[in-house]
Amino acid sequence: MSRGGYPWIKKKLMKEKAMKHQVSQYETTISGPPSPPTRHELWKFACIKKMGEFTTEAAKEIANKIDIVTSPKGKGTVIVTSSRNLPPIKRLWRLVADMEDDEQPKQLPWPPEVFNMSNKLWLLFIHKLSVDKGNDHIYGFLEPESIQKSGNKVEEIQAYIQNWMSDLNKKVYLAPYFSVAHWKLLVICPMDNIAVCICSLHKLPPMDFRQLLDRAMEGYHILKSLKLKKKMSWVSPKSHKQKGNYECGYYVLKIMHTIVDSKIVSGWTEIFIDRSPLPLEDINTIREQWATFFIDHYFN
């Protein structure tokens with residue numbers, strides 16, 4: 001939700017109700033002050049684009065059913081549909097609506113070897129893929145929140161990277177990096193002394209972060225009692241380039257999935273050479289995979 005979250009939506013809906021209330025004051029009927037928007041009203045508004053249409057057909061379907069149940073004629077109506085028969089995205093929308101209603105947080109189990117900080121569900125999905133493929137001895141993951149400048153000191157980021165890589169002792173580390181409202185993927189290969197940046201805008205990370213990662217690599221080699229012969233090399237393959245302004249996260253997910261699924265550990269500039277935008281089918285597949293993984297953990 002990029003428009004300010006539920007507080008912004010609540011404020012907007014209250015303003016609209018207040019305006020309608022002012023108009024009603026000119027009528028003979030005296031009414032009380034407008035009531036705050038309900039949870040289902042907030043959820044419904046969050047699923048509507050600026051032009052008035054719903055973000056997805058699944059959201060529209062759920063909103064219509066909510067309207068039936070909450071309308072005066074629909075009070076007491078029970079709509080029964082087996083969520084198991086719904087596609088993953090529609091099932092996810094239903095779960096989101098349920099969570100908004102009961103306001104209860106949902107905790108997801110995650111293996112401690114993935115992160116030592118707060119987890120990210122989509123990285124868990126890739127970790128599970130690496131386990132299923134028998135590649136978990138190759139790939140490690142860096143927590144995005146622990147390597148971004150916002151909220152972290154430079155020394156903390158460097159210590160986290162070098163210590164985590166030294167402790168896990170993996171060949172390849174996947175590090176989703178968020179900066180200036182954009183996601184890009186960093187692939188760190190400490191044994192080969194190489195850092196790979198795959199960005200859907202074809203841009204490298206800021207210079208200060210590259211210098212930080214250089215120092216972290218030096219610290220890693222010291223911890224492993226290895227002699228660093230030369231400075232770490234940076235590689236930037238020109239892979240799929242996004243044409244919109246929202247898809248960067250999907251591009252990172254797709255690349256991570258491709259790397260782990262295909263067991264890629266080298267040859268980055270020879271493999272990632274397709275500069276065309278990701279097909280919509282690929283993005284939808286990623287959404288389906290993520291939703292399925294979320295639902296499986298939610299029910300378990």
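Please specify each residue of the range 219-248 satisfying the condition of being more than 30 Å from L280 (Cβ to Cβ), of a type in the set (S, T, N, Q) and free of Cβ contacts under 8 Å to residues at least 40 places away in the same chain.
Hit for the range 219-248 is S225, nothing else.
How many residues does the range 140-180 hold that are over 22 Å from L204 (Cα atoms), at pLDDT below 95 and charged (D, E, K, R)?
1
Among (1) loosely packed, with under 15 Cβ neighbours inside 10 Å; (2) touching a helix residue (DSSP H, G or I) at 6+ places or on another chain (Cβ under 6 Å); (3) of a type outside the set (S, T, Y), there is one condition V180 misses while meeting the rest; what is its number?
Only one criterion in (1) loosely packed, with under 15 Cβ neighbours inside 10 Å; (2) touching a helix residue (DSSP H, G or I) at 6+ places or on another chain (Cβ under 6 Å); (3) of a type outside the set (S, T, Y) is unmet by V180, namely (2).
The values are calculated or read from the model by the stated rules, or taken from the named source; none is laboratory data. Remember, it's a predicted structure, so these values are computed and weren't measured experimentally. Glycine gets a Cβ as well: all are built from the backbone with ideal geometry, and neighbour counts include every protein chain shown.
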